[in-house]
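Presented below is the structure to which this report refers.
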2 protein chains.
Amino acid sequence: MSQFENVTLVKAANIYFDGKVTSRTVLFADGTRKTLGIMMPGDYEFGTEAAELMEIMAGEMDILLAGESEWQTIKGGESFNVPANSSFKLQVKTVADYCCSYL
Amino acid sequence: MSQFENVTLVKAANIYFDGKVTSRTVLFADGTRKTLGIMMPGDYEFGTEAAELMEIMAGEMDILLAGESEWQTIKGGESFNVPANSSFKLQVKTVADYCCSYL
């Protein structure tokens, strides 16, 4: 869907890596949560608590999930899953617009 | 307020200046609209159609409104107004988190 309706949006941004990665938190009536964010080109590593579905709406990046040895290329329109209590590395090539769902 | 409730959030980001300025559009039940955005350090110029209230939640910048000759310094917690059909220049010094209301 192109927009989320009847949601609660936290006004202040989440800011990481000196602003090169930022997101806004969206709360849904069913108790679930997503973040909508932007990643500037660069190399990052993130840890997870909940499992995550990362939907890349625009941009291009290579990702490496913990325990894997091969980087995967992910482009706008594609997505990837990250297990709970894990981590992943990203090499963002072009400005990325993403939606992260906490599962 | 720290969060917006019962709003519609457009999923895709608005991306300007190669991603150095990005925002998300929030639609309210009363028909009004705001954007929540991030500006990375840099120099920018924006035009307005509707008048805007720019609330700076975090960061620091100097601004110059069209027709004025003196730059003003705006810091997190401060805001400024821009007239309709006008423009303004920004020199963003530190990563800025903003809320723009279209009046």
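Condition first: surrounded by 16 or more Cβ atoms within 10 Å (Cβ to Cβ), touching a residue at least 24 places away in the same chain (Cβ under 8 Å), at positive phi and facing chain A (nearest Cβ under 10 Å). Can you find one or more residues in region B:92-103 that meet it?
Looking for residues that are surrounded by 16 or more Cβ atoms within 10 Å (Cβ to Cβ), touching a residue at least 24 places away in the same chain (Cβ under 8 Å), at positive phi and facing chain A (nearest Cβ under 10 Å), one finds none in region B:92-103, hence no.
Check region A:68-84 and report whether any residue there is under 30 Å from residue B:5 (Cβ atoms) and crowded, with 19+ Cβ neighbours inside 10 Å.
Yes; the residues of region A:68-84 include at least one that is under 30 Å from residue B:5 (Cβ atoms) and crowded, with 19+ Cβ neighbours inside 10 Å.
Would you check which residues across region B:1-27 are under 13 Å from residue B:96 (Cβ atoms), outside any loop (DSSP other than H, G, I, E, B) and facing chain A (nearest Cβ under 9 Å) and list them?
Within region B:1-27, just B:22 meets the criteria.
Filter region B:1-58 down to the residues that are open to solvent by 20 Å² or more (accessible area, probe 1.4 Å), in contact (Cβ under 8 Å) with a residue 60 or more places away in the chain and either touching a helix residue (DSSP H, G or I) at 6+ places or on another chain (Cβ under 7 Å) or of a type in the set (A, V, I, L, M) (or both) and list them by number.
None; the set is empty.
Being at the interface with another protein chain (Cβ under 8 Å from one of its Cβ atoms) and assigned to a strand (DSSP E or B) is the filter here; which residues of region A:28-50 pass it?
A:36, A:38
Kindly list the number of the only condition in (1) outside any strand (DSSP E or B); (2) more than 8 Å from chain A (Cβ to nearest Cβ) that fails for residue B:79.
Unmet condition: (1).
Tally time: how many residues in region A:50-99 are farther than 30 Å from residue A:31 by Cβ and of a type in the set (A, V, I, L, M, F, W, C)?
Residues flagged as farther than 30 Å from residue A:31 by Cβ and of a type in the set (A, V, I, L, M, F, W, C) within region A:50-99 amount to 4.
The values are calculated or read from the model by the stated rules, or taken from the named source; none is laboratory data. Keep in mind that this is a model prediction, so the values were computed, not measured. Neighbour counts run over all protein chains shown; Cβ positions are idealised from the backbone, glycine included. Only protein heavy atoms, including side chains, enter the accessible area calculation; ligands, DNA and RNA are left aside. Shrake-Rupley method; radii C 1.70, N 1.55, O 1.52, S 1.80 Å.
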